Amino acid sequence: MGSQEGKYNIKAMTKMLGIQAGTLRAWERRYKIIAPKRNESGHRLYTEEHVQILSWLVEKVNKGFTISQAISLLESSPALMSSLNEEHRLEFLLALQNELVDSLIHFNEHKAHELMNKAFSIYTIDKVVIELLSSTLIQIGTLWEEGEITSAHERFASSFIRSKIGMIFHNLPVNSMLPKAVTACGPGEFHEIGLSIFTLFLRLKGFEVIYIGTSTAEGDLEIVIDEINPNYLFISCTMEENKGETLKLVERITKKNRELTIGLGGNAFTKNKTHTPPIESIIVGDQQSDWEQWLKEKMNQVN
């Protein structure tokens, strides 16, 4: 069940669940509700998902259900099984995120690497990047804004996350049949991690993406567009004071490149829900489901 790594032996399980090892083996043998993994010595290893399911069953037995009744109840409700799995996934991901944040704000790079390896062994690349790294970044940013960590802590954490995103980015294949895109920060912007995550999202989908990032001199982005001739241009603006200049840039580029599809992201655009229709239609959104929907609509318009 699932693709998680087995990490608990039967002794650890009996302590966590409060039942005898013989009882646990009998449940597995008779009801086949879970299938423990085996190590090289043939010993049982249980996953986090197994812990979640067995804990639920033990709870029901302690309330007066027989084990067969509890298992029948679980098996007769796919939604219940799914919710258990999803609840566990979210809890485990949050715990992993908190551990990663703690290691980064204590400059423990070795521990942070271990946690990343653990994440990649359990989840897909897009879930690690979109759900773990982006959430970690937000949590780090909040700690910095509230004065709980210094700018040095924030920069160390951001540098670590940026390096992980970069390594993944440069090892992903490109689908030559998909459109070409350019991603860049707006004028005056220096926050680029959110743009990096969105750029990686595009690469995960197979897009060829030219990442420009920050510190582009005035007029240089237009030169890049003329040279590359992309299908899409995505611009990120996080600070409200840079919003006006970003919109002026979009207007200039649009006048020169009528066939270019432009998307806007970043807090300066996604936090404000009262944009005029022309602007609202080019705002990509701030989460993966928004990005998926926006791209689907734009690609359908082209086709």
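The values are calculated or read from the model by the stated rules, or taken from the named source; none is laboratory data. The structure displayed is predicted, hence computed values, not measured ones. Cβ: placed from backbone, ideal geometry, glycine included. Neighbour counts: every protein chain shown. Quick note on the areas: whole protein, heavy atoms, side chains included, nothing else; ligands and nucleic acids left out. Shrake-Rupley method; radii C 1.70, N 1.55, O 1.52, S 1.80 Å.
Here are some notes:
- Restricting the range 225-282 to residues that are of a type in the set (Ser, Thr, Tyr) and under 20 Å from LEU178 (Cα atoms), the residue that is most open to solvent (accessible area, probe 1.4 Å): THR261
- Filter pass, THR23 being surrounded by 15 or more Cβ atoms within 10 Å (Cβ to Cβ), in a helix (DSSP H, G or I) and out of contact with any Cys (no Cβ under 9 Å at 6 or more places or on another chain): no
- When TYR211 is tested against (1) open to solvent by 50 Å² or more (accessible area, probe 1.4 Å); (2) assigned to a helix (DSSP H, G or I); (3) of a type in the set (Ser, Thr, Tyr), exactly one condition is not met: (2).
Residues are listed down the side, and each one gets a yes or a no for (1) farther than 15 Å from ALA184 by Cα; (2) outside any helix (DSSP H, G or I); (3) under 29 Å from the mean Cα position of the chain (by Cα):
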residue: GLU241; (1), (2), (3): yes, no, yes
residue: LEU247; (1), (2), (3): no, no, yes
residue: ARG258; (1), (2), (3): yes, yes, no
residue: ILE262; (1), (2), (3): no, yes, yes
residue: GLY285; (1), (2), (3): yes, yes, yes
residue: LYS296; (1), (2), (3): yes, no, yes
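- The range 121-168, subset of a type in the set (Gly, Ala, Ser) and within 17 Å of the chain's Cα centre (by Cα), residue modelled with the highest pLDDT: ALA157
- Listed by first and then second residue, the pairs with beta-carbon distance under 8 Å, at least 6 apart or on different chains, first residue in the range 191-208 and farther than 23 Å from MET177 by Cα and part of a helix (DSSP H, G or I), second at pLDDT below 85 and hydroxyl-bearing (Ser, Thr, Tyr), are GLY194/SER134.
- Test: ILE223 is within 27 Å of LEU133 (Cβ to Cβ) and not in a strand (DSSP E or B): no
- Test: residue in the range 216-232 that is in contact (Cβ under 8 Å) with a residue 12 or more places away in the chain and closer than 24 Å to ILE138 by Cα: no
- Wholly within the range 28-107, helices (runs of 4 or more DSSP H) carrying at least 3 residues that are open to solvent by 40 Å² or more (accessible area, probe 1.4 Å) and modelled with pLDDT under 80: 78-105
- Pair list, Cβ under 8 Å, 6 or more apart: the range 106-130 residue farther than 18 Å from GLU154 by Cα, other residue at pLDDT 80 or above and of a type in the set (Asp, Glu): LEU115/GLU99; TYR123/GLU131
- For ILE197: the one exception among (1) open to solvent by 10 Å² or more (accessible area, probe 1.4 Å); (2) modelled with pLDDT under 90; (3) among the hydrophobic types (A, V, I, L, M, F, W, C): (1)
- Among residues of the range 164-174, those that are part of a helix (DSSP H, G or I) and of a type outside the set (Lys, Arg), counted: 5
- Some residue of the range 155-163 being within 22 Å of ASN229 (Cα to Cα) and in a helix (DSSP H, G or I): no
- For the range 131-140, the set of residues classified as open to solvent by 20 Å² or more (accessible area, probe 1.4 Å) and either in contact with a helix residue (DSSP H, G or I) (Cβ under 7 Å, 6 or more places away or on another chain) or touching a residue at least 12 places away in the same chain (Cβ under 8 Å) (or both) consists of GLU131, SER134, SER135, LEU137, GLN139, listed by residue number.
- Here SER236 meets each of (1) hydroxyl-bearing (Ser, Thr, Tyr); (2) at pLDDT below 90; (3) in contact with a Gly (Cβ under 6 Å, 6 or more places away or on another chain) with one exception, condition (2).
- Those residues of the range 180-194 which are out of contact with any Cys (no Cβ under 8 Å at 6 or more places or on another chain), more than 15 Å from PHE207 (Cα to Cα) and open to solvent by 10 Å² or more (accessible area, probe 1.4 Å), in sequence order: PRO187, GLY188, PHE190, ILE193, GLY194
- Of the residues making up the range 173-218, those that are of a type in the set (Phe, Trp, Tyr) and closer than 19 Å to ASN229 by Cβ are PHE207, TYR211.
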